[in-house]
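Below are the structure tokens for one structure; questions will follow.
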Amino acid sequence: MIDLHNITRLFGSQRAVDNVSFHVGKGEIVGLLGPNGAGKSTLMKILTCYLPPTEGEATVCGHSIYDDSLAVRRCIGYLPEHNPLYPDMYVGEYLRFAAGLGGVKDTRSAADRMIELTGLTPEAHKRIGQLSKGYRQRVGLAQALIHDPQVLILDEPTTGLDPNQLEFIRSVIIQAGRDKAILLSTHVMQEVEAMCSRAIIIDHGHIVADESTTGRNASMLTEQFHRLTQSPESNPKQ
């Protein structure tokens, strides 16, 4: 469902993403793991057609990011790292608005369904600006899911959540991953172990590992990521 072939993105002379290729299929939850500045968010912006690559090709659900970017966007539910919500809108109002943008016909039913799925019922009467960080993250995840996309792109979806919120968001993502292709970024190995069947480790724009998270591979990935994050060359900027 997600295919990247030799994707490169330059910012001046800096190679933020350098010759990256991988595939994510239906029913897979793949963790894009790396330190800050590794190129994770840049890759996600390329896949969601917010940012064009300098070189290479990518398709989502068979649609080219160059030739059919609107079709790509229809296939995707996207939760960026900085959750872009409207603080003056009520939860249900915002989700009905998001459903309409996604082409959903019965926006009220879709919003009610997402409120229940993401555990927003106790807060549904509030304005988004009144919500805690965890509940705002739930609203962001609900808007990403509301049009029932085939692909989910989630940029650090669990950052800053308390343990209870963290466990709940994980469970929603795992449930969604049963019939979707999900690519989520994080710089926390435990998040990959908790949710993902596969991990892609990226550093300075390069893929340095692409392995399943089961069995012996899990400890190998952990060791490699630990070495990477302890390296003095790791770039602290994203």
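Just so you know, all these numbers are worked out from the coordinates, no wet-lab data involved. Computed from a predicted model, the values in this text were never measured in an experiment. Note that we place each Cβ from the backbone using ideal geometry, even for glycine, and neighbour counts take in every protein chain shown.
Isolated Cys in the chain by the 4.7 Å beta carbon test?
Isolated Cys, the chain: Cys49, Cys196.
Fully extended, how many nm does the chain gain between Glu167 and Gln190 (0.36 nm per residue separation, minus their Cα-Cα distance)?
7.1 nm
By how many nm would the segment from Tyr90 to His206 grow when fully extended, if each residue of separation counts as 0.36 nm and the alpha-carbon distance is taken off?
Working: separation 116, 0.36 × 116 = 41.76 nm, distance 4.16 nm.
Residue separation times 0.36 nm, minus the Cα-Cα distance, leaves 37.6 nm.
Taking square-rooted eigenvalues a ≥ b ≥ c of the alpha carbon gyration tensor, is the stretch 40-85 rounded, prolate or oblate, where a/c under 1.5 means rounded and, failing that, a/b exceeding b/c means prolate?
Working: a/c = 2.38, a/b = 1.34, b/c = 1.78.
Oblate shape, in that a/c is at least 1.5 and b/c is the bigger or equal ratio.
Using only the Cα atoms of the stretch 128-218, build the gyration tensor, take square roots of its eigenvalues as a ≥ b ≥ c, and label the shape rounded, prolate or oblate: rounded if a/c is under 1.5, else prolate if a/b is larger than b/c, else oblate. Intermediate values should be presented prior to the final figure.
On the way: a/c = 1.85, a/b = 1.58, b/c = 1.17.
Judged from the Cα gyration tensor, the stretch 128-218 comes out prolate (a/c at least 1.5, a/b above b/c).
While we're on this one: For the stretch 37-107, run through the trypsin sites (Lys or Arg not before Pro) and keep only the ones in DSSP coil with at most 11 other Cβ atoms within 10 Å of their Cβ. Before the final figure, lay out each step's value.
Numbers: sites: Lys40, Lys45, Arg73, Arg74, Arg96, Lys105; in loops: Lys105.
Filter output for the stretch 37-107: Lys105.
On to the next question. Using a basic spin-label model with each label point 7 Å from the Cα along Cα→Cβ, how many nm lie between Asp112 and Tyr66?
Going by the 7 Å Cα→Cβ label model, 4.7 nm.
Considering Cα pairs under 8 angstrom that are at least six residues apart, work out the relative contact order of the chain and quote it in whole percent.
Working: 468 pairs, mean separation 69.3, N = 238.
With pairs under 8 Å counted, the relative contact order is 29 percent.
Any idea what the dipole of the stretch 1-158 comes to, in debye rounded to 20, about its Cα centre with Lys/Arg Cβ at +1 and Asp/Glu Cβ at -1?
Values: 16 positive and 17 negative charges, 85 e Å.
Dipole magnitude for the stretch 1-158 comes out near 400 debye.
How large is log10 of I(q)/I(0) for the stretch 176-218 at q = 0.22 Å⁻¹ when the intensity is taken from the Debye formula with one equal scatterer per alpha-carbon?
So the normalised log intensities work out to -0.80.
OK, next. At a Förster radius of 30 Å, what calculated FRET efficiency corresponds to the Cβ-Cβ distance of Glu55 and Lys26, to the nearest 0.05?
Working: r = 27 Å, r/R0 = 0.91.
Efficiency at R0 = 30 Å is approximately 0.65.
Follow-up. Taking the C-alpha atoms of the stretch 1-81, how large are the radius of gyration and the largest Cα-Cα span, Dmax, in Å?
12.1, 37
Something else about it: Given a Förster distance of 22 angstrom, what is the FRET efficiency for Thr214 paired with Arg178, based on the Cβ-Cβ distance and rounded to 0.05?
On the way: r = 17 Å, r/R0 = 0.79.
Efficiency, from the Cβ-Cβ distance: 0.80.
Provide the gained length on full extension for the span Phe97 to Arg74, in nm with one decimal, where the gain is 0.36 nm per separating residue minus the Cα-Cα distance.
6.7 nm
Nearest 20 debye, what's the magnitude of the dipole of the stretch 1-87 about its Cα centre given +1 on Lys and Arg Cβ and -1 on Asp and Glu Cβ?
Details: 7 positive and 8 negative charges, 46 e Å.
The calculated dipole for the stretch 1-87 is roughly 220 debye.
Next up: Using only the alpha-carbon atoms, how far is helix 163-176 inclined from the longest principal axis of the chain? Give it as 0 to 90 degrees, nearest 10.
With both axes taken from Cα atoms, the answer is about 90 degrees.
Using only Cα atoms and rounding to the nearest 10 degrees, what angle (0 to 90) does helix 91-101 make with the longest principal axis of the chain?
Value to nearest ten degrees: 70.
Charges on Cβ only, +1 for Lys and Arg, -1 for Asp and Glu, centred on the Cα centroid of the chain; of Ser69, Leu33, Ile207, which one is farthest towards the dipole's positive end?
Ser69
For the stretch 61-154, what is the largest minus smallest coordinate of the Cα atoms on each principal axis, given in angstrom and ordered from greatest to least?
If we take the Cα atoms of the stretch 61-154, the spans are 41, 28, 21 Å.
Identify, among Leu51, Leu152, Gly134, the residue whose Cα sits farthest towards the positive end of the charge dipole of the chain, taking +1 on the Cβ of Lys and Arg and -1 on the Cβ of Asp and Glu, with the dipole about the Cα centre.
Sorting the options by dipole projection puts first Gly134.
Now, a different point. What list of ³J(HN,Hα) values in whole Hz, one per residue of the stretch 105-110 in order, does the Karplus curve 6.51 cos²θ - 1.76 cosθ + 1.60 (θ = phi - 60°) give from phi, with Gly and Pro shown as x?
Once θ is set to phi - 60°, the couplings for the stretch 105-110 become 6, 9, 5, 5, 5, 5 Hz.
Give the lysines whose C-alpha is closer than 22 Å to that of Lys45, dropping any in the same chain fewer than 8 places away, or say none.
Lys45 reaches Lys26, Lys180, Lys237.
Which of the three applies to the stretch 35-115, rounded, prolate or oblate, going by the alpha-carbon gyration tensor with a ≥ b ≥ c and a/c under 1.5 meaning rounded? If you can, show how the numbers build up before the last one.
Details: a/c = 3.13, a/b = 1.60, b/c = 1.95.
It comes out oblate by the Cα gyration axes.
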